[in-house]
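Inspection log for the structure reproduced underneath, given as structure tokens.
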Amino acid sequence: MKIGVFGGTFDPIHIGHIISVLEVKIAFGLDRVIFIPARQSPHKETMPTGNEERTAMIQKAIAGYEGFSMDTFELDRYGKSFTYDTAKYLKDEYPDDELYFLMGTDQYESFDKWYRNEELIDMMNFIVMMRHSDDMEISAPFIRADQLVVEVSASLVRRRAKEGLPYKHFLNEAVYEYIKENALYEA
Ligand code: ATP
């Protein structure tokens, strides 16, 4: 089986995530995609919204998409999440499957700073999804995905919510309702 692995803070999960990953799933013939929310990105300074809220939003956003699931391995661990540890865990869980880690160009650009990145390259395949219409050169062994680009980011959603401007169109409807009910991102 070909398994896509999609890590991120997902604060919140938005249509940019769902559309790009679904397009990549089709283009690369992935059988399933596992969404892995990060406890705290080693590359981000600010603390994310709580685990319970982020996982609830992911469940709502992926519901009904065949082959999409979530694994809370990184949230269940203590401290920072390194993709290296997640890759080791996934290789144990799925020894007979081929793993494809999916990332946006922003992650690709910072890959040289990732923990044990040279070993990581040997553990999984890496697919780089274009963002913001960038036409970035992607070096092997990274694989370039020219998926449909939707220029939505979680920071845009958070900024809009804080400013009281519309952002419903960037989200799955149930995720939007959840954010409103729980008054997330307003402060
Ligand atoms: P933020 O705006 O807070 O930095 P984000 O929207 O980039 O968040 P993350 O949860 O940090 O969301 O992203 C998880 C993964 O999804 C990363 O690899 C990121 O590059 C990718 N990604 C996020 N938004 C898009 C998008 N619109 N198109 C393609 N990839 C995306």
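The values are calculated or read from the model by the stated rules, or taken from the named source; none is laboratory data. Because the structure is a prediction, the values reported are computed rather than measured. Please note: Cβ atoms are built from the backbone with ideal geometry, for glycine as well, and neighbour counts cover all protein chains shown.
The rows are residues; the columns are (1) at pLDDT 95 or above; (2) within 13 Å of the ligand (Cβ to nearest atom).
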position: VAL21; (1), (2): yes, yes
position: PHE28; (1), (2): yes, no
position: ARG32; (1), (2): yes, no
position: ALA38; (1), (2): no, yes
position: HIS43; (1), (2): no, yes
position: MET47; (1), (2): no, yes
position: GLY50; (1), (2): no, no
position: ALA61; (1), (2): yes, yes
position: PHE68; (1), (2): yes, no
Task: Among the residues listed as ASP76, ASP106, the single one being within 27 Å of HIS169 (Cα to Cα) and either surrounded by fewer than 15 Cβ atoms within 10 Å (Cβ to Cβ) or within 15 Å of the ligand (Cβ to nearest atom) (or both) - done: ASP106
Task: Which numbered condition PRO12 misses (of (1) farther than 17 Å from MET124 by Cα; (2) more than 9 Å from the ligand (Cβ to nearest atom); (3) part of a loop (DSSP other than H, G, I, E, B)) - done: (2)
Open item on the list: Of all residues being within 14 Å of the chain's Cα centre (by Cα) and not polar (S, T, N, Q) in the range 83-103, which is nearest to the ligand (Cβ to nearest atom)? Just the residue, please.
Closed with: MET103
- [ ] Mind listing just one residue for me: the one in the range 163-179 that is surrounded by 12 or more Cβ atoms within 10 Å (Cβ to Cβ) and of a type outside the set (A, V, I, L, M) and, of those, nearest to the ligand (Cβ to nearest atom)?
- [x] PHE170
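This table checks each residue for (1) modelled with pLDDT under 95; (2) within 29 Å of GLU137 (Cα to Cα); (3) of a type in the set (Val, Ile, Thr).
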{"position": "ASP71", "(1), (2), (3)": "no, no, no"}
{"position": "ARG77", "(1), (2), (3)": "yes, no, no"}
{"position": "SER81", "(1), (2), (3)": "yes, yes, no"}
{"position": "THR86", "(1), (2), (3)": "no, yes, yes"}
{"position": "TYR89", "(1), (2), (3)": "no, no, no"}
{"position": "ASP92", "(1), (2), (3)": "no, no, no"}
{"position": "LEU102", "(1), (2), (3)": "no, yes, no"}
{"position": "ASP106", "(1), (2), (3)": "yes, yes, no"}
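Listed here are the residues, each with its yes/no results for (1) closer than 23 Å to LEU30 by Cβ; (2) not hydroxyl-bearing (Ser, Thr, Tyr).
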site: ASN117; (1), (2): yes, yes
site: MET123; (1), (2): yes, yes
site: SER155; (1), (2): no, no
site: ALA187; (1), (2): no, yes
Task: So PHE6, is it within 9 Å of the ligand (Cβ to nearest atom), at pLDDT 95 or above and either more than 20 Å from VAL157 (Cα to Cα) or outside any loop (DSSP other than H, G, I, E, B) (or both) - done: yes
Task: Conditions (1) out of contact with any Asp or Glu (no Cβ under 8 Å at 6 or more places or on another chain); (2) surrounded by 18 or more Cβ atoms within 10 Å (Cβ to Cβ); (3) without any contact (Cβ under 8 Å) to a residue 40 or more places away in the chain: number failed by ASP11 - done: (3)
